[in-house]
Amino acid sequence: MPFIRKRELVIYYILSKHYGINGKFNIGDAYDVFKWALSRKVFRNVIKRLVKYGLIERLDRYVYVIKPLDNYLDKLMYGFLCSKLMRYAKSIDGQITCYSDEFVITLKDSKELDLIKWVLDRISLFGVKVRVHLPPQKSQQQS
């Protein structure tokens, strides 16, 4: 997910101050706030990008609602943690799959779990669910 640009962040901030978080607004009324600084086309494109980032939601053709910034920051954090955990898991010969609500780590044996356990403990502090899959243990048969 790309990081939001300064202009988009400032417009989001002004809209959230003017209409409040979870506040509905008409795009025409919102443009009146910015028409001294932005062309209509630029404002429309910024609104489209804010919708793409999940900072505002389109309810109707002209009606939008402002979403909390936390949603966007959570997505950024999740993507960052996923990419870093993928790199770390690869270094210990593991594999990770990132789903929308959890990370699933597949390890070859329990020795690798000891190497990654402290990382998983820290990631779980951020509210991210982590599941670890280990292959079934082969029982040693006596001859």
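The values are calculated or read from the model by the stated rules, or taken from the named source; none is laboratory data. Keep in mind it's a predicted model, so treat the numbers as computed, not measured. Note that each Cβ is placed from the backbone with ideal geometry, even for glycine, and that neighbours are counted across all protein chains shown.
Checking the stated criteria, residue 115 turns out to be at pLDDT below 75, hydrophobic (A, V, I, L, M, F, W, C) and either under 19 Å from the mean Cα position of the chain (by Cα) or outside any loop (DSSP other than H, G, I, E, B) (or both).
This table checks each residue for (1) farther than 18 Å from residue 119 by Cβ; (2) of a type in the set (Lys, Arg); (3) surrounded by 13 or more Cβ atoms within 10 Å (Cβ to Cβ).
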{"position": "27", "(1), (2), (3)": "yes, no, yes"}
{"position": "54", "(1), (2), (3)": "yes, no, yes"}
{"position": "66", "(1), (2), (3)": "yes, no, yes"}
{"position": "70", "(1), (2), (3)": "yes, no, no"}
{"position": "76", "(1), (2), (3)": "yes, no, yes"}
{"position": "79", "(1), (2), (3)": "no, no, no"}
{"position": "82", "(1), (2), (3)": "no, no, yes"}
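Scanning segment 1-26 for residues that are more than 30 Å from residue 80 (Cβ to Cβ) and either aromatic (Phe, Trp, Tyr) or under 26 Å from the mean Cα position of the chain (by Cα) (or both) yields 18, 24, 25. Remark: pairs (first residue in segment 103-123, in contact (Cβ under 8 Å) with a residue 40 or more places away in the chain and more than 13 Å from residue 134 (Cβ to Cβ); second residue assigned to a helix (DSSP H, G or I) and of a type in the set (A, V, I, L, M, F, W, C); Cβ separation under 7 Å; 6+ apart in sequence or on different chains) = 123/81; 123/85. Suppose we keep only residues that are over 23 Å from the mean Cα position of the chain (by Cα) and outside any strand (DSSP E or B) within segment 119-141. Which one would you say is nearest to residue 81 (Cα to Cα)? This residue is 134.
Of everything in segment 84-96 that is at negative phi and assigned to a loop (DSSP other than H, G, I, E, B), the residue that is surrounded by the most Cβ atoms within 10 Å (Cβ to Cβ) is 94.
Residues of segment 70-129 that are among the polar types (S, T, N, Q) and out of contact with any His (no Cβ under 6 Å at 6 or more places or on another chain): 71, 83, 91, 95, 97, 100, 110, 124.
Filtered by the rule that a residue be part of a loop (DSSP other than H, G, I, E, B) and at pLDDT 95 or above, segment 1-22 gives no residues.
Of all residues in segment 28-56, those satisfying the criterion of being within 28 Å of the chain's Cα centre (by Cα) and outside any helix (DSSP H, G or I) are 54, 55, 56.
Yes/no matrix, rows are residues, columns are (1) touching a residue at least 24 places away in the same chain (Cβ under 8 Å); (2) out of contact with any Gly (no Cβ under 9 Å at 6 or more places or on another chain); (3) among the polar types (S, T, N, Q); (4) in the same structural domain as residue 129 (by TED's automatic domain parsing):
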{"site": "10", "(1), (2), (3), (4)": "no, yes, no, no"}
{"site": "15", "(1), (2), (3), (4)": "yes, no, no, no"}
{"site": "20", "(1), (2), (3), (4)": "yes, yes, no, no"}
{"site": "27", "(1), (2), (3), (4)": "yes, yes, no, no"}
{"site": "34", "(1), (2), (3), (4)": "no, yes, no, no"}
{"site": "45", "(1), (2), (3), (4)": "no, yes, yes, no"}
{"site": "52", "(1), (2), (3), (4)": "no, yes, no, no"}
{"site": "55", "(1), (2), (3), (4)": "yes, yes, no, no"}
{"site": "73", "(1), (2), (3), (4)": "no, yes, no, no"}
